[in-house]
Amino acid sequence: MSGALGAMLALGGCGSGGDTGTKAKPGPSGSGSVSVSASSAASGPAAPSPAVSTAPGTLPTAYTFTPDPARVPHTPEQAQRLTRAAALDPDSWSAGMVAHDPYESAADWPVLSADCAWSRAGLPDGVLDSYTRRMDVPAKDGKGRLLGSVTLTVHRDAAAADRDMQETVQQSFRCPDQDLGGGQSLQGLLSMHQPKESVLNADASMFESGKFVPPESGGPQGYVSTKSRIGTVVMGLSVKGAQGYETKDLLRVAAEGAAKALYRVELELKS
């Protein structure tokens with residue numbers, strides 16, 4: 001296992017019982033604006049639904065959240081309401097982030113060809129909605145522009161959502177080097193599922209790391225991504241590095257975004 005992937009697994013597997021350090025301000029749709037401190041993000045995403053403990057402050061031992069059946073989307077329209085309400089924006093991901101251009105895309109699906117090049121297609125059967133927002137940390141203080149994205153996908157059932165995550169792991173084995181288009185590529189990808197017993201903020205999670213090769217000069221940079229499932233909803237998040245950033249910096253940004261995105265998904269699915 002690479003050092004980056006091991007660190008990402010350690011971040012993703014952590015949670016906290018009792019006070020999670022997040023506060024939500026529900027809006028009309030039921031979604032929340034969540035604040036997570038840099039220190040809590042560095043130690044791992046907080047588990048929004050910890051297991052019942054017998055003593056105050058005891059760490060959770062399992063993920064116990066069950067979506068309210070009445071809140072689970074069954075139509076594209078319901079799925080779209082959930083993905084838009086739960087989606088992160090630059091302010092809710094991390095201070096100082098800005099919208100990328102283009103900022104959002106919807107109702108399309110990434111397809112990895114036999115020659116390991118990515119393209120976009122329409123939503124496959126069984127996918128009710130898929131919605132992506134892209135956000136950056138602008139270049140400053142001698143550092144390059146950090147690129148982040150978060151995608152929320154709603155499947156018709158949990159089995160299809162699990163297949164989505166399994167295919168991501170299989171793709172990295174089939175194509176460790178991937179052409180993103182526009183002169184960008186990923187190299188040396190390694191991904192794996194996180195052991196179920198260590199997942200404390202979702203039903204299942206997987207992580208991926210490698211190198212991002214930008215279109216401009218500067219050479220390969222770090223790359224980390226994560227996917228997690230809560231019920232029929234899959235949250236995918238990636239961070240592409242830039243000059244001046246170490247892998248630990250990417251992991252911190254990814255952990256902070258993943259914790260908040262999963263928390264918002266759970267808010268949309270709870271009774």
What's the local net charge at S238, with K and R +1, D and E -1, over the other residues with C-beta under 14 Å away?
-> +2
Between T61 and residues 5 or more places away or on another chain, the pairs with built amide H atoms under 5 Å apart involve A51
With R₀ set to 35 angstrom, the calculated FRET efficiency between the beta-carbons of R120 and E197, to the nearest 0.05, is 0.45
Per residue, in Å², the accessible surface of segment 110-264 once ligands and nucleic acids are set aside, probe 1.4 Å | 41
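From the square roots a ≥ b ≥ c of the eigenvalues of the alpha-carbon gyration tensor of segment 130-271, which class results: rounded (a/c under 1.5), prolate (a/b over b/c), or oblate?
Because a/c hits 1.5 or more and a/b exceeds b/c, segment 130-271 counts as prolate.
Filter the cross-link list K240/K270; K211/K260; K140/K248; K140/K227; K143/K227 down to pairs whose alpha-carbon distance in this structure exceeds 23 Å.
K240/K270; K211/K260; K140/K227; K143/K227
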J(HN,Hα) series, segment 261-267, from Karplus relation 6.51 cos²θ - 1.76 cosθ + 1.60, nearest Hz, glycine and proline x = 5, 5, 4, 5, 4, 4, 4
Within the accessible area of segment 93-197, what % is carbon and sulfur when the probe is 1.4 Å and the other protein chains stay in place?
-> 53
State whether segment 75-207 is rounded, prolate or oblate according to the following rule on the C-alpha gyration tensor (a ≥ b ≥ c being the square roots of its eigenvalues): a/c under 1.5 gives rounded; otherwise a/b larger than b/c gives prolate, and the remaining case gives oblate.
-> rounded
Evaluate E = 1/(1 + (r/R0)^6) for D91 and E246, where r is the Cβ-Cβ distance and R0 equals 25 Å; express this FRET efficiency to the nearest 0.05.
-> 0.50
Interchain or sequence-distant (5+) residues whose placed amide H lies within less than 5 Å of the amide H of A242 are G222
Tally Lys/Arg at +1 and Asp/Glu at -1 over every other residue whose Cβ is under 13 Å from the Cβ of E266; what's the total?
-> +2
Where GluC sites (Glu not before Pro) fall in DSSP loop in segment 180-269, at most 16 other Cβ within 10 Å | E216, E246
Out of residues 5 or more away from S185 or on other chains, whose amide H comes under 5 Å of its own, with H placed 1.01 Å from N in the peptide plane?
-> L180, V213
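The values are calculated or read from the model by the stated rules, or taken from the named source; none is laboratory data. Computed from a predicted model, the values in this text were never measured in an experiment. Note that we place each Cβ from the backbone using ideal geometry, even for glycine, and neighbour counts take in every protein chain shown. All accessible areas refer to the heavy atoms of the entire protein, side chains included, with ligands and DNA or RNA removed. Shrake-Rupley method; radii C 1.70, N 1.55, O 1.52, S 1.80 Å.
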